1. Would you please name the trypsin sites (Lys or Arg not before Pro) within the stretch B:417-494 that are DSSP coil residues with at most 14 other C-beta atoms within 10 Å of their C-beta?
2. Tell me whether the stretch A:1-87 comes out rounded, prolate or oblate; compute the Cα gyration tensor, take square roots of the eigenvalues as a ≥ b ≥ c, and use a/c under 1.5 as the rounded threshold.
3. Under a point spin-label approximation (7 Å from Cα along Cα-to-Cβ), what is the A:Met65-B:Ile299 distance to one decimal in nm?
4. At a Förster radius of 60 Å, what calculated FRET efficiency corresponds to the Cβ-Cβ distance of B:Arg46 and B:Leu467, to the nearest 0.05?
5. State the answer as a single residue: which of A:Ser81, A:Ile16, A:Tyr6 lies farthest towards the positive end of the charge dipole of the stretch A:6-97, with beta carbon charges of +1 for Lys and Arg and -1 for Asp and Glu, about the Cα centre.
6. For q values of 0.04, 0.06 Å⁻¹, compute log₁₀ I(q)/I(0) with the Debye formula on a Cα-only model of the protein assembly as shown, without solvent.
7. Eight or more residues apart or on different chains, and alpha-carbon atoms under 28 Å: count the Lys pairs in chain B matching that.
8. Suppose a student asked you for the relative contact order of the stretch B:282-367, using Cα pairs under 8 Å spaced at least 6 residues apart; what percent would you report?
Amino acid sequence: MSPSNYLLLSALLFTIGAVGVLVRRNAIVVFMCIELMLNAVNLSLVTFARIHGALDGQVMAFFVMVVAAAEVVVGLAIIMSIFRTRRTASVDDANLLKY
Amino acid sequence: MIDSLAAAELPEVLPAAGTASLAWLLLALPAFGALVLFVAGRRADRWGHLLGVLTVVAAFVVGLLIFLETTGLDAGQRTRELSLYRWIDVGGLNVDFGLRIDPLSLTFVLLITGVGALIHIYSVGYMSHDPGRRRFFAQLNLFVAAMLVLVLGNNFVMLYLGWEGVGLASYLLIGFYQDRPSAATAAKKAFLMNRVGDVGLALAIFLIWLNLGTLQYSQVFANIGKVGPGTIVAITVLLLLGACGKSGQFPLQAWLPDAMEGPTPVSALIHAATMVTAGVYLIARTHPIYDLTETGRLIVAIIGAITLMIGAIIGCAYDDIKKVLAYSTVSQIGYMILAVGLGPVGYALGIAHLLAHGFFKAGLFLGAGSVMHAMDDNVDMRRYGGLARHMPITFVTFGLGYLALIGFPFLSGYFTKDAIIEAAFARPGWEGWVFGLAATVAAGLTAFYMTRLMFMTFFGEKRWEHLETRDGGHYHPHESPASMTVPMIVLAVGSVFAGFLLTQGHVLANWLTPSLGELQEAPSSTLAPAAVTTLVLVSAALGVLIAYLAVGRRPTPVERPAHVSFPVQAARRDLYANAINEAVIATPGTWLSRFLVYLDNRGVDGLVNGTAALLGGSSGRLRRLQTGFVRSYALTMLGGAVLVVAALLAVRFVA
């Protein structure tokens with residue numbers, strides 16, 4: 001199976017994730033879309049590692065996973081506390097920090 | 001050739017010893033008096049005037065002792081210097097606070113402290129009713145100290161220090177009556193017009209420094225021959241500009257009559273006897289420079305001739321007794337400037353006239369002050385008349401000063417002024433005729449306006465009998481107290497004998513030889529000296545006669561006639577000097593300033609403020625991008641990422 005299929009899948013997932021971040025309002029969904037984008041990137045990293053026969057991409061993917069795990073912890077905590085104070089998880093409602 | 005000639009004439013400069021080493025006291029005494037009186041404030045009100053008189057009298061005594069010691073020395077040893085301390089020591093510029101004690105400076109020291117002491121004594125009486133008397137004496141002492149720095153300094157920087165010092169004292173004293181707007185304006189006018197001249201003096205000093213690298217008189221005069229002729233002319237003209245400012249010479253004469261707003265003793269001391277003659281001192285002191293340039297001296301003589309005519313013409317038209325005397329001063333200083341402009345034949349003659357003038361003009365001003373004292377500070381001669389009987393001492397002393405001024409035979413002016421006119425006639429070619437005739441005509445005009453003044457003040461109808469004083473009472477003219485009349489008597493005696501004593505056997509010229517060089521006899525002129533004397537006497541007699549016919553024989557209207565012929569109108573308006581200054585300098589200056597203010601407000605400020613407004617405005621618009629919606633930020637990030645990727649791909653595949 002040609003590696004380019006993996007890259008196409010990665011691009012597809014990334015696009016879905018990006019569109020999701022842009023169009024959805026619910027913070028949890030936005031968060032999941034970000035995860036989707038990160039994993040799309042992971043997929044392409046691993047694919048390129050495979051194509052070039054080097055381990056750099058795979059190592060990089062591990063780093064991304066670690067960062068993503070940490071981000072989930074912090075991000076969910078923030079979303080929880082916003083929900084508790086404002087009774088909403090919509091990202092458009094949290095717009096006080098502006099001009 | 002010129003170099004060695006100039007160097008040969010210069011006297012040897014010796015260090016001061018004996019009494020001359022006390023010369024620092026001359027400066028220190030009045031400066032101390034001024035300091036104490038300024039600092040002590042009201043506490044000194046009761047005894048301040050006595051301290052003021054004492055310091056100047058003490059300075060006179062010191063000056064007299066040094067003078068007597070110096071007369072005992074050989075002519076070659078009379079030029080001495082006393083270096084007090086190193087004043088300025090910056091790079092190549094080394095200036096000592098040093099005094100030059102030579103016949104010229106000693107002559108001025110005696111004039112300044114002598115006449116100064118008399119006028120201080122007079123002021124005790126004159127200012128006795130004035131609450132600001134202590135301040136007056138403080139400023140008068142300051143003036144004497146500054147004037148002594150001016151004449152005693154042994155370098156151009158000290159000259160400049162004194163020059164500005166007397167300018168400051170003059171400014172303070174003209175504006176002494178601070179509550180009068182006219183006095184404040186006159187003080188400002190004097191200060192500003194003096195600045196014009198001072199710029200000339202400063203530039204001359206810069207030029208000397210630039211070319212010679214030294215400012216000490218002895219070194220400058222020894223090396224001045226090495227400077228190019230063009231530079232010499234430039235230096236002499238700039239020095240003359242300085243002299244014109246301080247001495248009220250054309251074209252800077254307009255401030256001196258206005259300076260009469262100050263108290264009368266100030267007019268006598270500063271604006272008649274001493275400070276305004278500083279210009280003559282400057283030219284006489286720098287005579288080694290003027291000796292090298294015929295052109296420079298010719299310009300000096302022309303300025304002197306123009307000024308002596310202007311002063312004499314305007315003096316005929318004024319009714320204000322002090323302004324008539326002020327224009328007379330302008331005219332007489334014109335004679336002195338003319339004399340020093342004639343070169344080695346005239347330096348000593350100019351100084352002689354300066355000394356004689358110091359006596360009689362100070363006496364005349366003190367007399368005018370005495371008359372004003374008696375007439376409730378009224379200065380309008382049309383309101384005087386018949387005062388001779390009420391003020392006999394004033395009348396006699398004033399009359400002697402008057403006779404000395406118009407050149408009555410065997411009084412001061414006769415000897416000193418005639419000598420100048422003779423020397424003027426002795427110039428070759430057209431110069432002799434122009435300068436000589438101008439001086440002669442001005443002598444006639446002098447006789448006219450002074451006779452007119454005498455008739456209007458001391459003779460004729462008592463016009464004041466029907467008039468009221470400012471506070472509604474009647475005039476009660478009375479003789480002034482002894483503190484005022486004694487100085488007037490001393491000065492009157494001086495104005496009678498000074499001329500004869502100074503010129504007889506060239507006493508003064510011989511005394512001044514170490515400073516001014518040998519007095520050269522004027523070359524034989526187109527007119528014999530006897531003819532010149534006759535001409536001047538006839539001219540003066542005509543002036544007196546015309547004044548008698550026009551003023552003495554006819555009643556004087558109390559109100560000033562409004563419709564008069566054009567020459568009188570022009571003279572009343574100072575020959576349009578103020579109008580010309582206004583039109584040529586003041587108005588264009590105002591326009592230029594307004595233009596620059598406009599340029600500053602709109603141009604410079606506009607540029608700065610415009611840039612700020614542009615940045616502020618655009619920032620305000622850019623701020624709107626910060627909407628607070630996270631998704632719009634995400635879109636921006638995505639757009640940016642897409643752009644970066646696109647750029648990378650473009651570079652990769654296109655290039």
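1. Working: sites: B:Lys417, B:Arg452, B:Lys462, B:Arg463, B:Arg470; in loops: B:Lys462, B:Arg470.
Answer by residue number: B:Arg470.
2. On the way: a/c = 5.88, a/b = 1.89, b/c = 3.11.
Verdict is oblate for the stretch A:1-87.
3. 9.9 nm
4. Values: r = 37 Å, r/R0 = 0.61.
After rounding, the FRET efficiency stands at 0.95.
5. Sorting the options by dipole projection puts first A:Ser81.
6. Debye intensities relative to I(0), on a log10 scale: -0.32, -0.48.
7. Counting lysine pairs in chain B gives 20.
8. Working: 97 pairs, mean separation 26.1, N = 86.
Normalised by residue count, the contact order of the stretch B:282-367 is 30 percent.
We did not get these values from a lab; they are worked out from the coordinates using the rules stated. Predicted, not measured: the structure shown is a model, and the values here were computed from it. Counting neighbours? That spans all protein chains shown, and the Cβs are built from the backbone with ideal geometry, glycine included.
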